[in-house]
Structures are given as structure tokens and as C-alpha cells.
Amino acid sequence: MHQYLNFINGEFVATGKTFENHAPVDNRVLGLVHEAGEREVDAAVGAARAALKGDWGRMSVVKRVELLYAVADEINRRFDDFLQAEVADTGKPLSLASHIDIPRGAANFKVFADIVKNVPTESFEMATPDGGTALSYALRSPLGVVAVVCPWNLPLLLMTWKVGPALACGNTVIVKPSEETPATATLLGEVMNAVGVPKGVYNVVHGFGPGSAGEFLTRHPGVNGITFTGETRTGEAIMAAAAKGVRPVSFELGGKNAGIVFADADFDKAVAGITRSAFENCGQVCLGTERVYVQRPIFDRFVQALKEKAQALKVGPSEEPGVGLGPLISAEHRAKVLGYYEKAKAEGATVVTGGGVPDMPGALAQGHWVQPTLWTGLPESSPIVREEIFGPCCHIAPFDTVDEAIALANATHYGLATTVWTQNLATAHRMAREVEVGLCWINSWFLRDLRTAFGGAKASGIGREGGVHSLEFYTELRNVMVKL
Ligand code: NAD
């Protein structure tokens, strides 16, 4: 049986304490994950600290950039290994992982290597009180040992999105992948060794959150900063751990994102865009749309069109051609999503489509499948409209005016993303200015440029990463003042 080992100081480390990793498509056991205890976490932190003082710490940025390019190339060379590992762990369609997850996993190293290599720092000349001059300039040094705590929905993509800039800035990292998706972070250890990244620069510890590797890592005093992607509640626990020692955090958290469709939108494009934003990755995307608001003149037609799109989605295993919807990640997560499906009915929602479990043949019947689901008719106060479900479902409600659309979009404690569909420039810009989110898409969704800022407002996160913004978290800026 496959063994997922920890990766500490360039070595794969077994612990003997294992838990099973299951395939979401049929719940078969994929392998055994070796859970890291305090001892292994301590060893990983020690290795990462030593690497900061060793070859890695002394390496020029030019050489670092070369190594990170080599990491990206090696991921691409082993593309199929990463693809198979990611798809087995998540159950997502092969087409999705091969177009988004794995290519972005490689790109995250190249893009941030380039950014770090090319970013300037400021310098000023000033007059001094004695009539002379002084020159001040800024130096960036690494934050230090960075803990990278990851979710399961886009495992390689979201992990490398942190590891790429962290390493480019000269830090060392300890990754704690989700207990649901241990494979690609482990595989990345092989890549690091293959291209000659020094020992201790990249480490992986497996396990859970509380009472396990996640907690041990985030409260470890040898960790200088924590970058985390996951649920808002987990973010609160990690923030409490980070308070000890006043260590900085960068958080990308949950959302309850609105999609706003105006009557003047390009109808077909809006339907296609909202379909994608509600159902891609089986709705397990932090940026996904779970609240759709449609201007009243096109409301009925839009609901009907979205219903047809949802019903046309092919549900099935990753490699089956044309599959648009995989399973949810785990039995536990499916129970949560189905709980909301039941709650919606109990609250009197009109179930436009879905609301249950699809019939799957043979072994697939053991997988964590749910139907893509649309509801209408619930009040804004309903938990279905307020709470993040993280499944292939959304509630659709009508609105009349721009003011109303803004108020509806903002009536949540979250603030991650909004997608707006309109052909009216003034409406588009007004929405962009007034929605309380970190990301606002106009006539698009999930379009990303890694040079731009990414993050959430309100309870959806702390800080921004992406482009030069990543440097704000992964480096300490030192001012040097030279009296001339
Ligand atoms: P999660 O918060 O349950 O777990 C994320 C990681 O944190 C896992 O590795 C887990 O083991 C670890 N963890 C849990 N409790 C911990 C603790 N007390 N201390 C330290 N580590 C702990 O999230 P998830 O279920 O894996 O992912 C889904 C969530 O992630 C959703 O809420 C989604 O919106 C969010 N997400 C946000 C973004 C974003 O960019 N804003 C992106 C992807 C996912």
C-alpha cells in the first residue's frame, strides 16, 4: 500500500502512526499517511532554521531564481505524476486539474522567482540638519521560517502559491497539507531533491489540525510567520496561536460570494459564467458563487437557463470524457452539504433542480457524490443564504435596483469575491467601487493574473498576496540611513 511520508531535511520520514487516505470517487483506500507528532514538527522547524543559516541563506537571489525555475520545469516534466496524484486525492475532473491545478502549480515558482528578481526597492536622498546629505535605502530580508497550512480543494495550486513566493524571498517553509490531500505536497519533496534545493528549505509534515501537526506547527516558537488558507474558524484558532510571539499571519479564508446579473448583461455569457462559478470543482472553490442575484426582468428566464445548465452537467469520475462534476472531498463534507440540502427544503425553498444524491453505478456508489442544486424562494436571513456551504449549489433571488444589488452583495460578514454581469460601464464601475470584497470580477470569473493582489476583506482574510504584495508578507523591509 502506498505510504505518504513526511519530508524533513531532505529525507522522507515515516512515523509509524498512520491514517488512511481515501479516494473521493469510490472511497477506496489510496494509501497510509504518516502523521507527524511534536517530535517530527520540531525536527522540521529545526531543519528549516538551519537551512536559513546554511547554503540557502547564503545563496544569491540569481541562483535562487535558477533553482525555482528548475523546480517548475521538474513539475512540468513530471506533469502526469502530479496530475494522477491530485486527481486521485480530490476526485476532480482530469480536464480541470490538467488545465488549472498542475500548470498553476509549476507557474507559481516561475512567476514569483521573476517578481522577486525584478522588484526594486526605494531610496531617498535627504538634507540633514547640519547642512549635509544622507541617503536612505531599503533592504528586504526573508521573514524566516514560514508555516504554510493548506486546504484540500486546490492542493498543489494553493500550496505552491505560498511556497513559490516564500522561497523566492529566501525563506524556508514547512508545509502542512490537508489531511484529505497529502499526495502532491509529498511529491514536491522529490522534485526539491531532484533539482538540488538544499536540505531543510522545503519540509512537509502530515496530519490534522487540533492536537496534531497543524496545531504543533502553528504554535511552534521557531516559526516566524504563518500563511494559511482554509476556513474562517480555523483562521481564528491559528491567529490565537500566532499571537504568542506576535508572529505575522496571512490568511485566505472562507466566503459567501455573490454573483450579480443585471438585465442588460450578455445573457448567454452570464449564464455560462454563473454556471462555472457555482459548480466548478464541485462548488469547492473559495471564490465560488453561492448567492446569485438576478435583476427582475430576466429572473425567470435566467433561473430556467441555469437549471438547464445544471442538469446538463455530467457527474462522474475524473477520467471519463465530458465530466463536469466530480464528488465532494469526503464523507464528512458530503454530510455537511447534504445537511444544507435538507435544511433548504425544511425552510421552504423551491428546489429548482437537484437537492439529493445521484445514482452512481458499481463501486462509484461508495463515492461522495451530490447533485448540483439550485434553490429560490428563501429569505436573506436563511442559513442557506448566510453560511458557506462549499458544495455545488446556490440560491437565486431577484433584485430591482443597483442600490439593492450593492446592499445584497454586502449583507454578509464575508468579503472574498463578487462577480458582476452587465454591459453598462457605469454600473460595472460603481459595483466594483462599492462591493466590500478583495476581488471583483466584471463579466468574468476566476480570471487571475499572478502579478495582482489576491485576498479577502472582512472575515474572508487578512492581507494580500500576489505580485509584489506577496513580498510584504514574506520579507522584512529594513531601512538603512547613510550619512554622507
Ligand atoms: P480547514 O480550515 O478545515 O483546514 C485547512 C487546513 O488547516 C488543513 O490543513 C487543516 O488540517 C488545518 N487545520 C485545521 N484546524 C487547525 C488548527 N486548529 N491549527 C492548525 N491547523 C489547522 O479548511 P478546508 O476544509 O481544508 O478548506 C475549505 C475552506 O477553505 C473553505 O472555507 C474555503 O472557503 C477556504 N478556502 C479559502 C481560500 C481563499 O483563498 N480565501 C481558498 C481555498 C479555500
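The values are calculated or read from the model by the stated rules, or taken from the named source; none is laboratory data. Model, not experiment: these values are computed from the prediction. Glycine gets a Cβ as well: all are built from the backbone with ideal geometry, and neighbour counts include every protein chain shown.
The table that follows gives values for the structure above.
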{"item": "Test: residue in the stretch 166-174 that is within 15 Å of the ligand (Cβ to nearest atom), within 22 Å of GLY467 (Cβ to Cβ), β-branched (Val, Ile, Thr) and in contact with a Cys (Cβ under 8 Å, 6 or more places away or on another chain)", "result": "no"}
{"item": "Residue check for ALA263: in contact with a strand residue (DSSP E or B) (Cβ under 7 Å, 6 or more places away or on another chain), assigned to a loop (DSSP other than H, G, I, E, B) and more than 16 Å from the ligand (Cβ to nearest atom)", "result": "yes"}
{"item": "The stretch 141-162 residues that are near the ligand (Cβ under 9 Å from one of its atoms), paired with ones that are of a type in the set (Phe, Trp, Tyr) (beta carbon under 6 Å, 6 or more apart)", "result": "VAL149/PHE228"}
{"item": "Residue in the stretch 235-246 that is farthest from the chain's Cα centre (by Cα), counting only those that are within 13 Å of ILE462 (Cβ to Cβ) and surrounded by 18 or more Cβ atoms within 10 Å (Cβ to Cβ)", "result": "ALA242"}
{"item": "Search result, residues across the stretch 229-256 that are in contact with a Cys (Cβ under 8 Å, 6 or more places away or on another chain) and assigned to a strand (DSSP E or B)", "result": "THR229, GLU252"}
{"item": "Counted residues, the stretch 187-212 - those being among the polar types (S, T, N, Q) and either more than 16 Å from the ligand (Cβ to nearest atom) or surrounded by fewer than 24 Cβ atoms within 10 Å (Cβ to Cβ) (or both)", "result": "2"}
{"item": "Near pairs, Cβ below 9 angstrom, 6+ apart or cross-chain, from the stretch 383-410 (touching a residue at least 60 places away in the same chain (Cβ under 8 Å) and within 16 Å of the ligand (Cβ to nearest atom)) to any residue that is acidic (Asp, Glu) and in a helix (DSSP H, G or I)", "result": "PRO392/GLU280"}
{"item": "Check on ASP101, buried (at least 16 other Cβ atoms within 10 Å of the Cβ) and either in contact (Cβ under 8 Å) with a residue 60 or more places away in the chain or assigned by TED's automatic domain parsing to the domain that holds VAL323 (or both)", "result": "no"}
{"item": "Whichever residue in the stretch 284-315 is under 26 Å from SER98 (Cα atoms), small (Gly, Ala, Ser) and touching a helix residue (DSSP H, G or I) at 6+ places or on another chain (Cβ under 8 Å) and, among such residues, is surrounded by the fewest Cβ atoms within 10 Å (Cβ to Cβ)", "result": "ALA310"}
{"item": "Only listed residue being in a strand (DSSP E or B), of a type outside the set (Gly, Ala, Ser), touching a residue at least 40 places away in the same chain (Cβ under 8 Å) and under 23 Å from TYR474 (Cβ atoms), chosen from VAL197, VAL173", "result": "VAL173"}
{"item": "SER444 vs. criteria modelled with pLDDT of 95 or more, among the hydroxyl-bearing types (Ser, Thr, Tyr) and not in a loop (DSSP other than H, G, I, E, B)", "result": "no"}
{"item": "THR418 being within 16 Å of the ligand (Cβ to nearest atom), surrounded by 15 or more Cβ atoms within 10 Å (Cβ to Cβ) and in the same structural domain as VAL271 (by TED's automatic domain parsing)", "result": "yes"}
{"item": "Within the stretch 12-26, considering residues that are free of Cβ contacts under 8 Å to residues at least 40 places away in the same chain, of a type outside the set (Ser, Thr, Tyr) and not in a loop (DSSP other than H, G, I, E, B), the one farthest from LEU187 (Cα to Cα)", "result": "GLU20"}
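Every residue, every condition in (1) within 16 Å of the ligand (Cβ to nearest atom); (2) in contact (Cβ under 8 Å) with a residue 40 or more places away in the chain; (3) not in a strand (DSSP E or B), yes or no:
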position	(1), (2), (3)
ALA426	no, no, yes
ARG433	no, no, yes
SER470	yes, yes, yes
VAL482	no, yes, no
